[in-house]
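One structure is given below, encoded as structure tokens.
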Amino acid sequence: METQTRKFEILRYRPEEQSEPEFRSYEVPCMPDWVVLDALNAIKDDIDPTLSHRWSCRMGVCGSCGMLVNGRPVLTCAAFVRDYEGTIRVEPLSNFPIVRDLVVELDDFVHKIQSVKPWIVRKLEKDVEQGEYRQSPAQLEEFKQFSMCINCALCYAACPVLASEPDFVGPAAIALGHRYNLDSRDEGNAERYDAMHGHNGVWSCSYANECSQVCPKHVDPAMAVNQAKLTGALQWTGILPKKSMT
Amino acid sequence: MEVIEHDILLVGGGGAGLRAAIAACEASPDVSVGMVSKLYPMRSHTVSAEGGAAGVARDDDSLELHIQDTLKGSDYLADQDVVEVFVDAAHKELTQLEHWGCPWSREPDGRVSVRFFGGMSVKRTWYATDKTGFHMLHTLFQTSLKYDRIVRYDEYFATRLLVRDGVCRGVAAFDLRTGEVKCFLGRAVILATGGGGRIFPFTTNAAVKTGDGMSLAYRAGVALKDMEFVQYHPTGLPGTGILITEASRGEGGHLKNKHGERFLVEYDYGVGDRAELGPRDMISRAEILEFEAGRGLRGPYGDYVHLDLRHLGEQKIDQRIPFVRELARNYVGIDPVWEPIPVRPVVHYMMGGVDTDVDGATPGVEGLYAAGEVACVSINGANRLGSNSLPECLVFGKRSGEAAVAYASQGASEGPREALVGQAQAEEARLDALRHKVGGEKIAQIRRELNSAMEQGCGVFREEDSMAACVDSVRQLKGRYADIGIGDSSRIFNTEIVQALELGNLLDVAEAVAVGALARRESRGAHTRRDYPERNDADYLRHSLVRFAADGPRLDYRDVTITRWQPQERKY
Ligand SMILES: Cc1cc2nc3c(=O)[nH]c(=O)nc-3n(C[C@H](O)[C@H](O)[C@H](O)COP(=O)(O)OP(=O)(O)OC[C@H]3O[C@@H](n4cnc5c(N)ncnc54)[C@H](O)[C@@H]3O)c2cc1C
Ligand code: SF4
Ligand code: FES
């Protein structure tokens with residue numbers, strides 16, 4: 001297979017050496033089946049070892065390699081070079097502080113994920129010897145889609161609310177909290193209520209739907225937010241109990 | 001230097017590490033756990049496991065059958081007492097994960113579904129469509145979040161175990177964000193750093209699978225066991241090495257050569273009449289023999305065969321193996337509903353690893369434990385059965401977490417603090433020097449040469465001369481590694497330093513693999529020699545043990561534990 005040389009403009013920022021981020025260009029010989037991540041690795045290996053970026057699985061499932069490519073949040077291991085024309089611009093995810101180059105600060109994102117208590121809450125735990133909880137395929141289907149989130153944070157980069165309200169708990173965290181609320185094995189709805197419906201919860205969302213458009217795993221976090229708003233409203237008005245809904 | 005103290009220290013936050021951390025918390029109400037991981041835990045490579053996890057679930061199955069299948073799959077190199085412990089606990093662990101919320105696929109009556117897998121004689125592989133590892137890892141990670149006693153040090157890279165007089169009491173690691181080296185002290189250390197498939201060029205393993213924990217333990221004085229056994233998976237996508245799960249065959253897919261023949265059925269490859277459900281070592285060999293007989297298809301990345309799923313139909317593909325469809329469409333532009341998928345053998349899993357006992361304790365270094373792919377507790381022997389290693393992470397993650405707590409609370413001493421901190425300070429000095437290192441060799445170049453030496457010497461079929469050449473090459477590369485130059489002297493998120501350290505680990509692991517392979521003059525499981533095509537129980541029904549020494553690795557052997565099942569010819 002023949003390579004084709006492509007031009008990349010990459011936002012570089014090394015805080016020990018630079019006061020401001022700036023673009024640097026690289027000419028990279030690319031194979032026809034390469035993804036953008038392959039080009040970044042080729043730069044690191046053979047052109048400029050000082051480039052820093054995160055990656056691991058290179059199969060779209062670990063969530064490490066999210067960046068802006070030509071302004072849009074994507075997984076770079078699933079974004080094919082051949083699908084872009086002309087110069088390809090790569091930047092770190094928006095709405096996050098830059099640590100260095102293409103690496104952003106994610107601790108706040110992980111705290112938000114944790115804040116919705118994403119684990120099964122039960123009054124009485126069942127012993128392992130007693131076997132599994134029965135859950136019908138239909139009950140599984142209720143929440144399955146919202147369990148597909150790979151925590152790639154693309155939706156946070158796309159969210160217009162987060163740009164102005166950084167404390168908004170955000171699409172992925174809400175989808176995850178909602179996933180547990182919908183799980184027939186869970187009784188933790190009330191414990192999640194504050195994080196999901198409090199000051200920085202679902203009501204901050206203006207339904208721009210950007211999150212669902214960029215989500216690489218079809219989680220549709222915007223739908224989760226909307227569904228959660230509805231159950232939250234019913235709970236608030238007392239039509240639905242705040243406690244266990246099953 | 002900052003000193004951080006916990007009762008138990010974990011290195012690694014994948015399936016095994018998270019399970020160990022939770023077990024430690026459950027074993028004692030006040031134990032504190034520090035978890036050091038070079039990745040955010042949910043990025044760990046457990047995330048990429050697709051097909052499923054084995055555990056007896058049905059009336060037509062039994063513990064006895066799961067044990068027999070595992071032993072036969074291992075070509076009788078697994079320790080039988082350990083396999084019994086494993087099988088007995090595997091299904092309970094999978095149930096535990098169900099209680100924690102894992103979205104296992106279900107039967108209409110609400111019970112968990114199981115599917116066929118290679119080398120398993122009945123349906124016993126639990127699955128969450130074909131993203132089993134992803135769901136297991138996220139379930140474990142999310143469950144771990146409820147314990148505030150698990151303190152995470154995400155994106156910290158461990159570079160050295162702190163060991164004094166044969167007792168391990170800590171680990172030195174640096175924070176990627178600041179470059180700062182910190183001294184972690186604890187009464188027990190558990191390694192759960194995963195495998196090292198990246199010693200090879202063409203692999204399903206993520207970039208981060210560089211055998212770090214194997215090298216850490218090796219340099220601390222623990223032997224690496226059965227390293228010569230490297231599993232090739234028969235269905236990787238050419239070029240990228242992305243895995244197409246064995247579940248695609250478990251659900252009924254066929255392997256075909258260029259004539260459209262199901263070659264496993266047409267020719268005598270020993271996989272039996274269940275053909276595509278044979279074990280991985282045998283099917284990978286069959287594919288290579290098809291290539292050599294000129295019956296493979298030719299592509300830009302060499303020969304391949306076809307994995308044909310068309311007869312399953314769109315509905316079954318979407319229901320059972322949707323990720324296979326997504327991967328094939330995205331990465332090779334093929335929709336398996338309409339076209340067969342090109343596949344070839346790809347390096348997938350290391351049966352070998354850090355020598356441990358059934359509780360994960362490492363002989364020789366007190367206070368040090370290992371679990372998951374980094375360890376060789378010895379349930380996989382010469383060939384792991386698909387879907388046994390996810391439950392292995394759970395069963396032995398849990399056992400080592402509990403054993404570490406028991407050890408730490410039974411009066412394990414604190415260790416000589418000054419000496420340990422001194423070791424961490426020496427590590428800081430070493431890394432400082434590394435960041436400014438001047439030299440003529442390039443990291444990427446040495447890695448490429450290492451990869452190609454391993455592929456040529458330690459592939460699916462092996463021979464004396466090519467293995468000896470491989471041992472030589474690795475040794476030379478180790479010499480050249482001493483002369484690498486580093487272009488990036490900054491502290492903040494310096495991934496060039498990470499790559500340099502990982503390369504050092506890869507070289508250790510590769511050398512152990514090659515040395516073990518050269519010395520084993522027989523064919524067993526995944527270790528197949530053209531010059532010694534038969535299994536030789538008289539001389540080699542033994543585990544190999546490679547130990548670190550300044551002037552090169554030392555090799556010796558230990559007998560396999562046989563209890564109730566006598567080794568037999570391995571026939572399917
Ligand atoms: C593509 C693929 C598919 C698979 N499918 C299946 C399947 O269907 N069924 C099955 O049973 N098995 C499967 N396997 C095998 C199985 O997934 C792995 O063996 C298992 O997940 C390994 O888990 P682990 O916890 O040992 O390691 P990992 O999940 O790899 O985790 C390693 C951890 O160690 C950390 N770490 C490593 N080095 C350092 C360091 N120097 N400092 C600090 N932290 C470090 C990492 O950050 C990470 O958190 C598959 C493997 C692959 C590659
Ligand atoms: S919801 Fe989608 S875009 Fe957001 S973090 Fe999860 S997978 Fe990524
Ligand atoms: S590298 Fe894992 S999602 Fe891209």
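Taking A:Ile98, is it facing chain B (nearest Cβ under 9 Å), in contact (Cβ under 8 Å) with a residue 40 or more places away in the chain and more than 12 Å from the chain's Cα centre (by Cα)?
no
Of all positions in the range A:127-147, none carries a residue that is more than 16 Å from ligand 1 (Cβ to nearest atom) and closer than 23 Å to B:Asp148 by Cβ. The set of residues from the range B:485-527 being surrounded by fewer than 21 Cβ atoms within 10 Å (Cβ to Cβ) and hydroxyl-bearing (Ser, Thr, Tyr) comprises B:Ser489, B:Ser490.
Among the residues of the range B:465-484, is any within 14 Å of chain A (Cβ to nearest Cβ) and surrounded by 20 or more Cβ atoms within 10 Å (Cβ to Cβ)? Show your work before the answer.
Within the range B:465-484, the subset within 14 Å of chain A (Cβ to nearest Cβ) is B:484.
Of the ones still in play, those that are also surrounded by 20 or more Cβ atoms within 10 Å (Cβ to Cβ) are B:484.
Yes - at least one qualifying residue is present in the range B:465-484.
Every residue in the range A:40-74 that is over 22 Å from A:Pro29 (Cα atoms), at the interface with chain B (Cβ under 7 Å from one of its Cβ atoms) and open to solvent by 10 Å² or more (accessible area, probe 1.4 Å), please. Answer for the range A:40-74, where residues must be over 22 Å from A:Pro29 (Cα atoms), at the interface with chain B (Cβ under 7 Å from one of its Cβ atoms) and open to solvent by 10 Å² or more (accessible area, probe 1.4 Å): just A:Ser64.
Tell me, which residue of the range B:19-43 that is within 12 Å of another protein chain (Cβ to nearest Cβ), part of a helix (DSSP H, G or I) and under 18 Å from A:Gln114 (Cβ atoms) is farthest from ligand 1 (Cβ to nearest atom)? Filtering the range B:19-43 for residues that are within 12 Å of another protein chain (Cβ to nearest Cβ), part of a helix (DSSP H, G or I) and under 18 Å from A:Gln114 (Cβ atoms), the one farthest from ligand 1 (Cβ to nearest atom) comes out as B:Ile22. Selection over the range A:142-178 of residues that are farther than 24 Å from A:Ala190 by Cβ and either within 16 Å of ligand 3 (Cβ to nearest atom) or among the charged types (D, E, K, R) (or both) gives a count of 10. Selection of the range B:101-144 for residues being facing chain A (nearest Cβ under 9 Å) and charged (D, E, K, R) yields B:Arg106, B:Glu107, B:Asp109, B:Arg111, B:Lys131. Check whether at least one residue in the range A:100-108 is more than 23 Å from B:Pro41 (Cα to Cα) and in contact with a Phe, Trp or Tyr (Cβ under 8 Å, 6 or more places away or on another chain), and report yes or no. No, because not a single residue in the range A:100-108 is more than 23 Å from B:Pro41 (Cα to Cα) and in contact with a Phe, Trp or Tyr (Cβ under 8 Å, 6 or more places away or on another chain). Candidates A:Arg192, A:Arg185: the one that is under 25 Å from A:Val121 (Cα atoms), outside any helix (DSSP H, G or I) and open to solvent by less than 30 Å² (accessible area, probe 1.4 Å) is A:Arg185.
Kindly state which helices (runs of 4 or more DSSP H) lie completely within the range B:414-500 and contain at least 3 residues that are closer than 30 Å to B:Gly525 by Cβ and modelled with pLDDT of 95 or more. So that I can check it myself, show each step before the final result.
Working: elements: B:417-435, B:443-457, B:464-481.
Hits in the range B:414-500: B:443-457, B:464-481.
For the range B:190-283, the helices (runs of 4 or more DSSP H) that sit wholly inside it and include 2 or more residues that are assigned by TED's automatic domain parsing to the domain that holds B:Arg329 and over 13 Å from the mean Cα position of the chain (by Cα) are B:247-250, B:263-266.
Is there a residue in the range B:191-211 that is free of Cβ contacts under 8 Å to residues at least 40 places away in the same chain and away from ligand 2 (no atom under 16 Å from the Cβ)? Write out each step before concluding.
If we filter the range B:191-211 for residues that are free of Cβ contacts under 8 Å to residues at least 40 places away in the same chain, which is where we start, we get B:207.
When the remaining residues are screened for being away from ligand 2 (no atom under 16 Å from the Cβ), the result is B:207.
Yes; the residues of the range B:191-211 include at least one that is free of Cβ contacts under 8 Å to residues at least 40 places away in the same chain and away from ligand 2 (no atom under 16 Å from the Cβ).
The residue pairs whose first member lies in the range A:16-30 and is within 14 Å of chain B (Cβ to nearest Cβ) and surrounded by 13 or more Cβ atoms within 10 Å (Cβ to Cβ), whose second member is aromatic (Phe, Trp, Tyr) and outside any strand (DSSP E or B), and whose beta carbons are closer than 7 Å, counting only pairs six or more residues apart or on different chains, are A:Pro21/A:Tyr13.
What is the residue count in the range B:326-359 for residues that are in a strand (DSSP E or B), under 22 Å from the mean Cα position of the chain (by Cα) and of a type outside the set (Gly, Ala, Ser)? I'd like the intermediate steps shown before the answer.
Start the filter on the range B:326-359 by keeping residues that are in a strand (DSSP E or B), which leaves B:341-350, B:353-355.
Checking the rest, the ones that are also under 22 Å from the mean Cα position of the chain (by Cα) come to B:343-350, B:353-355.
The next check asks that each one be of a type outside the set (Gly, Ala, Ser); those that pass are B:343-350, B:354-355.
Going through the range B:326-359 one residue at a time, the tally reaches 10.
Between B:Ala57, B:Ala90, the distinction of being open to solvent by less than 30 Å² (accessible area, probe 1.4 Å), within 16 Å of ligand 1 (Cβ to nearest atom), within 14 Å of chain A (Cβ to nearest Cβ) and more than 30 Å from A:Cys65 (Cα to Cα) belongs to B:Ala90 only. All of (1) touching a strand residue (DSSP E or B) at 6+ places or on another chain (Cβ under 8 Å); (2) within 21 Å of A:Ile150 (Cβ to Cβ) hold for B:Met1 with one exception: (2).
Listed by first and then second residue, the pairs with beta-carbon distance under 7 Å, at least 6 apart or on different chains, first residue in the range B:555-572 and polar (S, T, N, Q), second assigned to a loop (DSSP other than H, G, I, E, B) and open to solvent by 50 Å² or more (accessible area, probe 1.4 Å), form an empty list.
Let me confirm something: among B:Thr70, B:Thr143, B:Thr95, B:Thr46, which residue is assigned by TED's automatic domain parsing to the domain that holds B:Pro29, free of Cβ contacts under 8 Å to residues at least 60 places away in the same chain and in a helix (DSSP H, G or I)?
On the way: B:Thr70 fails: free of Cβ contacts under 8 Å to residues at least 60 places away in the same chain; B:Thr143 fails: free of Cβ contacts under 8 Å to residues at least 60 places away in the same chain; B:Thr46 fails: free of Cβ contacts under 8 Å to residues at least 60 places away in the same chain.
Of B:Thr70, B:Thr143, B:Thr95, B:Thr46, the one residue that is assigned by TED's automatic domain parsing to the domain that holds B:Pro29, free of Cβ contacts under 8 Å to residues at least 60 places away in the same chain and in a helix (DSSP H, G or I) is B:Thr95.
Among the residues of the range B:363-377, those that are open to solvent by less than 10 Å² (accessible area, probe 1.4 Å), assigned to a loop (DSSP other than H, G, I, E, B) and either under 15 Å from B:Met214 (Cβ atoms) or not assigned by TED's automatic domain parsing to the domain that holds B:Arg219 (or both) comprise B:Val365, B:Ala371, B:Gly372, B:Val374, B:Val377. For the range B:548-572, the set of residues classified as out of contact with any Leu (no Cβ under 8 Å at 6 or more places or on another chain) and in a strand (DSSP E or B) consists of B:Arg554 only.
Here the range A:126-138 is the region considered, the condition is being touching a helix residue (DSSP H, G or I) at 6+ places or on another chain (Cβ under 7 Å) and either surrounded by fewer than 13 Cβ atoms within 10 Å (Cβ to Cβ) or assigned to a loop (DSSP other than H, G, I, E, B) (or both), and the residue that is nearest to the other protein chains (Cβ to nearest Cβ) is A:Glu132.
Any idea which residue in the range B:205-236 is farthest from the other protein chains (Cβ to nearest Cβ), counting only those that are within 16 Å of ligand 3 (Cβ to nearest atom) and at pLDDT 95 or above?
As a first pass, look at the range B:205-236 and keep what is within 16 Å of ligand 3 (Cβ to nearest atom): B:205-210.
Filter once more, so that each one left must be at pLDDT 95 or above: B:209-210.
Values: B:Lys209: 9, B:Thr210: 11 Å.
Among residues in the range B:205-236 that are within 16 Å of ligand 3 (Cβ to nearest atom) and at pLDDT 95 or above, the one farthest from the other protein chains (Cβ to nearest Cβ) is B:Thr210.
Restricted to the range A:80-91, and to residues that are open to solvent by 10 Å² or more (accessible area, probe 1.4 Å) and over 22 Å from B:Leu176 (Cα atoms), which residue is nearest to ligand 1 (Cβ to nearest atom)?
The extreme case among them is A:Phe80.
Contact map, the range A:216-227: first residue without any contact (Cβ under 8 Å) to a residue 24 or more places away in the chain and part of a helix (DSSP H, G or I), second residue among the acidic types (Asp, Glu) and more than 16 Å from ligand 1 (Cβ to nearest atom), Cβ cut-off under 8 Å, separation 6 or more or different chains; the map is empty. Just so you know, in the range B:320-359 the residues that are touching a residue at least 40 places away in the same chain (Cβ under 8 Å) and within 12 Å of chain A (Cβ to nearest Cβ) include one that is surrounded by the fewest Cβ atoms within 10 Å (Cβ to Cβ), and it is B:Pro322.
The values are calculated or read from the model by the stated rules, or taken from the named source; none is laboratory data. Please read all numbers here as calculations on a predicted model, not as lab measurements. Ideal geometry is used to build each Cβ from the backbone, glycine not excepted, and the neighbour counts take in all protein chains shown. These area figures cover heavy atoms from the full protein model, side chains too; ligands, DNA and RNA do not enter into them. Shrake-Rupley method; radii C 1.70, N 1.55, O 1.52, S 1.80 Å.
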